[in-house]
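Working notes, beginning with the structure itself.
Each reported figure results from applying straightforward, stated rules to the coordinates on display, with no laboratory input. Every value quoted in this text rests on a predicted model; they were computed, and no experiment measured them. Here the Cβ positions follow ideal geometry from the backbone for every residue, glycine too, while neighbour counts run over all protein chains shown.
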Amino acid sequence: MATAYKPSELTLDDLDISRPDLWRDYAILPKLATLRNAGPLHYCPESDFGPYWSVMSHREIVEVESKPDIFSSSWDRGGITIGGRPPEGEEEIRFPMFIAMDRPQHTGQRRTVAPAFTPSEMDRLRASIRGRTATLLDSLPVGEAFDWVDLVSVELTTQMLATLFDFPWEDRRLLPYWSDVATDFDAIKDVESHRKRHEILFQMVVYFQRLWDERKEKGLAPDLISMMINSDATKDMSQLEYLGNLILLIVGGNDTTRNSMTGAVMVQNRYPDQWAKLVANPALIPNATSELIRWQTPLAHMRRTALADTVVAGQTIRAGDNVVMWYLSANREEGMFAAADTWMPDRENARRHLAFGHGIHRCVGARLAELQLGILFEEMLARNMRVRALAEPKRVNNCFVHGYRQLMVEMMRG
Ligand code: HEM
């Protein structure tokens, strides 16, 4: 149970959980706990991203997500993350995408891509995902150091995205490269890197424009680009919107699943007793997958802008305020998840996690992510794979993507 908010007891150091060094050095979990234990909602009066509210708890995040007409996702009002602003005086590149739109535009555009993620589509994709996962795991070096992030997590998510888009296979590594350039906040610290980023994103625009033209010629096909071209809601979409939604799918499917795949190795190393439960009972895999997504929470937050004065947890949020929902905090809330810092494959309420968000913007790719991660667990268990972490991971240096740049491991079989 959260105690009443006592602002006087909290310093700016307690309140500003957006600082990149906290995430890079992994000092963030105790910070989140301090703030959460002090109450569900806090106002940080200054930060590199300006003042913002932090919503720390499960119940209040659900409340904010349930009121999309009051808490806007619109890019015009500031968008869905904090951070990532260009240097002073430099123009920001904005690709309109439906994650950063409100109703009614959001509804129509989401409907266009949703058919790519139905249960029957997942059944269609299952065998190819299994085949690719098995081939990749069998190709890994045994008894030799390698980076799990690069060789496994990035490669498997990239192959999946290339399949969804029917993207030229030999160029598939461009997808995570573009995703990194689009979201890597470290890369836009100075004007020179900002210009370079513009250039790379422009190359991406040219590439996707070519694919669009080719697919338009071809007509109906089950890949996501053809779906967008042929759907009523999006066929008249502007070029910029088309590109925005493509980037959304690349980024949405990339960082998130990738970091959960690395999370799978982290939990194997951190919680050997819990992993043993999974080995003893593989029927736990679907639940273990939800639990992995809860534990990892690869997107640490989403942001909203208040459109009207409103009260949440007894605090008045003013129209125009910046509201940050910290999923990572809610997913580690002891009142909701006992021993919340521990990954437990048999946790009864693992599916109540908020890592996919909640409400009208809840992750459209959730089933696909669960499918890929479930298959990864199945194939690791089938090989009795033990992946030993050789060092602490290198982490992403921002408060949005809660993930890993590198995890050096050594694989042992049998
Ligand atoms: C939205 C997380 C995988 C595509 C979201 C949101 C979150 C999220 C937190 C925003 C929810 C909100 O604003 O309320 C995750 C996690 C994943 C994952 C944790 C993996 C573990 C994927 C995959 C795809 C995808 C595989 C597609 C290939 C999207 C899209 C949206 C979205 C298109 C926008 C939905 C909307 O605005 O209606 N995701 N995601 N995600 N995700 Fe995912």
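The table below lists the values:
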read-out	value
Region 272-414 - charge dipole about Cα centre, Lys and Arg +1 at Cβ, Asp and Glu -1, debye rounded to 20	340 debye
Region 7-412: antiparallel DSSP beta bridges as a percent of all, rounded to 5	90 percent
Summed side-chain charge close to Asn281 - residues other than Asn281 whose Cβ falls under 15 Å, Lys, Arg +1, Asp, Glu -1	-3
Dipole moment magnitude, nearest 20 debye, the chain about Cα centre, only Lys, Arg, Asp, Glu C-beta charged	920 debye
Rg [Å, one decimal], Dmax [Å, integer] - region 244-304, C-alpha atoms	14.0, 45
Relative contact order of region 7-412, defined on C-alpha pairs under 8 angstrom at six or more residues apart (%)	27 percent
Kirkwood Rh in Å, taken over region 103-257 so that all alpha-carbon pairs contribute	17.1 Å
Summed residue charge, Cβ within 14 Å of Phe117's Cβ, Lys/Arg positive, Asp/Glu negative	+2
Mean Cβ count within 10 Å, highest first, over the residues of peptides 241-248, 383-390	241-248, 383-390
Top of Ser66, Ser231, Ser139 by mean-square fluctuation, Gaussian network on the chain, Cα under 10 Å	Ser139
Most mobile listed residue (Glu46, Glu370, Glu334) in the chain, GNM with C-alpha springs under 10 Å	Glu46
Span from the region 361-414 Cα centroid across to the region 12-68 one, whole angstrom	26 Å
Surrounding net charge for Pro272, when Lys and Arg each add one and Asp and Glu each subtract one, Cβ distance under 13 Å	+3
Cα-based Rg / Dmax (Å) for region 277-398	17.5, 56
Convex hull volume per residue for region 341-414, taking Cα atoms only, in Å³	138 Å³
Cα→Cβ-extended label distance, 7 Å offset, between Glu392 and Tyr177, nm	3.2 nm
Convex hull volume of the chain per residue (C-alpha atoms, cubic angstrom)	140 Å³
Gaussian network model of the chain, springs between alpha carbon atoms under 10 Å - residue of Ala313, Ala283, Ala33 with greatest fluctuation	Ala283
Euclidean distance between Cα centres, region 129-168 to region 214-232, Å	27 Å
